[in-house]
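Take a look at the structure set out below.
The values are calculated or read from the model by the stated rules, or taken from the named source; none is laboratory data. Nothing here was measured: the structure is a model prediction, and the numbers come from that model. A quick note on method: Cβ atoms are made from the backbone with ideal geometry, for glycine too, and the neighbour counts reach across all protein chains shown.
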Amino acid sequence: MEGREFPDIVRQFDRQSEILARVPWFADPARAREILEFGEVSKGDRVLEVGCGPGVVLEQAAAVAGRLVGVDVSLRMLEKARGRAPSVHVARAMCERLPFRDVAFDVAYSRSTLHHVLDPSRMLGEMARSVRPGGRVILNDTITSEVPEWSTNHNEVERLRDPSHGRMVTGSELLRHFERAGLAVARIEEKRHPRSLSDWLDITSPPAEARAAIVARFEAWIAADSSGLHVRRASDTLRFDHTQWTVLGIRPGRVRSAADPVPHVRERHRPEPAVGGSREDPPQEEDHPREAGLNVRLGDHRPDLTRPTGSALQER
């Protein structure tokens, strides 16, 4: 989307790290487990979460996955994720440019992230590249109406509410992204999630003028829905539905066997210093990707696998 700058997106995510983990709709453990169950994540799997945020799903994945890594563009989100799942490796990186070599994982998943990224198709391509042949890519996100006018209206209010919003795609567009990434779609699940307008707005706290404009548009959509959001008033509260798809894609090719070599780190690097530490501090072996059996590509986006400590991990 024109007008969006990457630093602005990061700042918005940093700010949302204060509240997301306390939002019931986002932080519900049962809902967090749904994407893991959908993808049949198991103890033997090397797993990557793309856009891990404050670690709500990572925390659940740590109990069922084998080796686990989460990436996000926001350091504050990663600090939160570390606090929720201390055993998990985290890396700061763009979703469209993952700092891992090919076939490093068995599973890559992402929840409610695609609509924020600058290049959704490239993000799916990177997730597909990162999993082995026969590996799984699972993506969950809100979709928009196939009616162009309704989709435009929907995305306009999303953008008014949250400047980091890029665009909700339609279901058909999402499937095309999977196709371009070379993924064979194996399963699709659709769920409609009722939302309270006021609670939804409170997550991002838009300026008063933007909030009033959003409420006015939702009021108008009660009589004539032109957003696909099923807006209604219930008990004097404006409510609407977000329709979400969860899609499972398989990377074609031979399934990796036990006889295949385990991916490894070709070049050892020193992680960035922990909060309150220095580059003279010896790296903690447990925070190095070699321990995760990952083949990390060291390039423009060096993985930050440091475990922040102390006051930086106070609950927010």
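The helices (runs of 4 or more DSSP H) located wholly in the range 125-215 that include 1 or more residues which are among the β-branched types (Val, Ile, Thr) and closer than 18 Å to Thr113 by Cβ occupy 197-204. Residues that are farther than 20 Å from Ser151 by Cβ and within 28 Å of the chain's Cα centre (by Cα) within the range 211-230 comprise Arg211, Val215, listed in sequence order.
Quick one: what pairs do we get from the range 58-72, first residue under 19 Å from Ser112 (Cβ atoms) and modelled with pLDDT of 95 or more, second part of a strand (DSSP E or B) and among the acidic types (Asp, Glu), C-beta under 7 Å, 6+ apart or different chains? Correct list of pairs: Leu58/Glu49; Ala61/Glu49; Gly70/Glu49. Of all the listed residues (Ala85, Ala63), the sole one being crowded, with 22+ Cβ neighbours inside 10 Å and within 30 Å of Arg187 (Cβ to Cβ) is Ala85. Pairing each residue of the range 26-46 that is within 16 Å of Ser110 (Cβ to Cβ) with any residue that is surrounded by fewer than 17 Cβ atoms within 10 Å (Cβ to Cβ) and of a type in the set (Val, Ile, Thr), provided the two are 6+ apart or on different chains, yields C-beta distances under 6 Å for Leu36/Val64; Val41/Val64. Scanning the range 184-236 for residues that are closer than 30 Å to Gly39 by Cβ and among the charged types (D, E, K, R) gives Arg187, Glu189, Glu190, Lys191, Arg192, Arg195, Asp199.
Here the range 196-209 is the region considered, the condition is being touching a residue at least 24 places away in the same chain (Cβ under 8 Å) and either small (Gly, Ala, Ser) or touching a His at 6+ places or on another chain (Cβ under 6 Å) (or both), and the residue that is nearest to Arg239 (Cα to Cα) is Ser196.
Residues checked against (1) buried (at least 19 other Cβ atoms within 10 Å of the Cβ); (2) under 15 Å from the mean Cα position of the chain (by Cα); (3) not acidic (Asp, Glu):
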position: Met123; (1), (2), (3): yes, yes, yes
position: Ile143; (1), (2), (3): yes, yes, yes
position: Glu156; (1), (2), (3): no, no, no
position: Ala181; (1), (2), (3): yes, no, yes
position: Ile188; (1), (2), (3): no, no, yes
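Applying a threshold of 7 Å to beta carbon distances and a minimum spacing of six or more residues, or different chains, the list of pairs starting in the range 230-245 at a residue that is at positive phi and modelled with pLDDT of 95 or more and ending at one that is surrounded by fewer than 17 Cβ atoms within 10 Å (Cβ to Cβ) and part of a strand (DSSP E or B) reads His230/Asp241.
I want to confirm something. Restricting to the range 204-226 and keeping residues that are among the polar types (S, T, N, Q) and under 26 Å from Phe13 (Cα atoms), which single residue is surrounded by the most Cβ atoms within 10 Å (Cβ to Cβ)? Restricting to residues being among the polar types (S, T, N, Q) and under 26 Å from Phe13 (Cα atoms), the top hit is Thr204.
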